[in-house]
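Below you'll find the structure, written out as structure tokens, and then a few comments.
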Amino acid sequence: MLRNEAFEIGGNAVLAADVDYAELGGAKGMLMVCMTGTAVLLGNAEILGENTVQSLTRLGECKARLDYISSLAVES
């Protein structure tokens, strides 16, 4: 979800990801998890390796398709 949100605002990577958690409820029966990070746009993503670049490309294509499908749903 964090990577998808980074794509939503034009980034292609997340730096300094932080995961926090807390137990909730009277019997501590629930767990709340919160993750934050900084979205960035890497200009030299190829240094991450070919597989990562391919994954980023596919994720971008999927986002474009979802945006297109969402625009169709709003119009109807």
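We did not get these values from a lab; they are worked out from the coordinates using the rules stated. Keep in mind that this is a model prediction, so the values were computed, not measured.
Our summary gives the stretch 2-75 a relative contact order of 27 percent, counting only alpha carbon pairs under 8 angstrom and 6 or more residues apart. Overall form of the chain: oblate. Here a/c, set by the Cα gyration tensor axes a ≥ b ≥ c, is 1.5 or more, and a/b is not larger than b/c. Per-residue extension of 0.36 nm, minus the Cα-Cα distance of Val53 and Leu15, leaves a gain of 12.0 nm for this segment.
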